[in-house]
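See structure below.
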Amino acid sequence: MSAPTPSARVTLAELAAEAGVSLSTISKVLNGRTDVSRTTRAKVEVLLDEHGYQRRGTRTPKSRLLELVFHELESAWALEIIRGVENVASENGLSVVLTESGTRHAPGPEWVEGVIARQPAGVVLVFADLPQDCRRQLESRSIPFAIIDPAGDPAPDVPSVGSANWAGGMMATRHLIDLGHTRIAAITGPADVMCSLARIDGYRTALNAAGLPFDRQLIRYGNFHVDGGRDNALELLRQPNRPTAIFAGSDIQALGVLDAARQLGISVPGDLSIVGYDDLQVARWSSPALTTVHQPLIEMAEEAARMVLMLREGEEPNNLRLDLATSLVVRQSTGPAPDAVRPLAAVG
């Protein structure tokens with residue numbers, strides 16, 4: 001993980017003089033103390049960045065905390081990530097502290113200030129982008145980080161772990177095509193998230209390979225939550241020529257699709273096949289059990305945590321960008337395409 005080249009001559013005393021503040025104020029900013037005004041803190045951070053300042057050596061004693069940052073914690077998806085990070089933390093005698101950034105995709109300044117104050121051994125960010133100023137603040141304190149399932153396309157020197165989203169979208173769609181479905185809808189995640197777009201790209205590739213048209217009217221962008229699946233599915237299933245299959249970009253959204261089908265009296269999988277994504281525990285216990293794409297969330301979290309700990313020890317991982325393999329898990333929510341689509345009034 002590269003950083004600006006540090007100046008060989010700059011000292012904290014010189015930085016303090018240039019900023020017009022005391023040496024103790026510089027120290028407070030470096031250590032995340034809250035008794036510094038935002039204006040002063042911002043001025044000092046700019047100078048630290050301009051001079052490429054980076055704290056050298058390891059902290060004594062070494063922190064025993066590994067910080068895991070989510071923009072939201074209320075999901076079964078988050079529990080899988082927590083389990084993976086906890087596995088690696090336990091192996092290394094560390095404790096995990098959970099933080100909710102409170103912002104969509106990018107951690108805000110309050111979160112970064114808290115991290116600097118806690119001085120963790122490292123930070124694992126989930127489903128996020130890392131703004132350049134936040135990155136520089138972490139690097140200047142020698143706090144390593146890695147991103148799980150980044151929202152955007154991170155720079156080549158930003159450690160990140162994801163999964164083969166394009167392949168997952170393709171195999172989910174191909175499974176439905178193999179069952180005879182030709183009118184297949186997709187409800188993915190937010191349109192500004194990289195994994196959402198990659199899964200749609202895989203979906204489109206499978207359609208093209210089978211000679212089926214790509215119909216934008218069958219694409220919906222959700223939020224990876226139940227309501228995103230239910231509301232979008234209700235729109236799709238109320239169309240006169242409704243789809244006979246839906247690929248949902250997460251298992252939680254797939255549960256929303258199941259709920260929409262129940263509301264409309266549509267049989268699953270008799271009249272509608274559904275494929276989810278993630279292979280969470282809930283996918284096995286839904287009714288019917290969900291066919292889904294297995295995303296190795298625990299392994300992704302473990303790899304990200306290992307990256308952070310390697311960087312903490314001054315080692316460079318062999319690969320800073322990992323995409324782990326996905327696989328299809330077939331259960332009871334998919335079946336052969338119906339011979340004909342019945343009007344909703346006649347269903348049930």
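Data overview
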quantity	calculated
Efficiency of FRET from Cβ geometry, Arg118 and Thr182, R₀ 41 Å, rounded to 0.05	0.15
Relative contact order, percent, the range 219-348 [alpha-carbon distance under 8 Å, six or more residues apart]	26
Packing-based order for 324-332, 286-294, 270-278, using average beta carbon neighbours within 10 Å, highest first	270-278, 286-294, 324-332
Mean Cβ count within 10 Å, highest first, over the residues of peptides 158-165, 244-251	244-251, 158-165
Added length on full extension, which subtracts the Cα-Cα distance from 0.36 nm per residue, Arg262 to Arg284	6.1 nm
Length-normalised contact order for the range 167-291 - Cα pairs under 8 Å, 6+ apart - percent	25
Approximate spin-label separation Arg64-Leu324, in nm, with each point projected 7 Å along Cα-to-Cβ	2.7
Using a Förster distance of 25 Å, the FRET efficiency for Arg342-Ala210 (Cβ separation, nearest 0.05)	0.55
Residues whose placed amide H lies under 5 Å from that of Ser333, excluding near-sequence neighbours	Thr291
In nm, spacing of pseudo-spin labels at Glu313 and Gln217 (7 Å Cα→C-beta vector)	5.8
Projected label distance in nm at Asp133 and Asn92, using a 7 Å step from Cα toward the beta-carbon	2.9
Calculated FRET efficiency for the pair Glu100/Glu235, C-beta based, R₀ 41 Å, to 0.05	0.85
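The numbers here are math on the coordinates, done by the rules we state, and not lab data. Just so you know, these numbers come straight off a predicted model, no measurement behind them. Don't worry about glycine lacking a Cβ; one is built from the backbone with ideal geometry, like all the others, and counts go over all protein chains shown.
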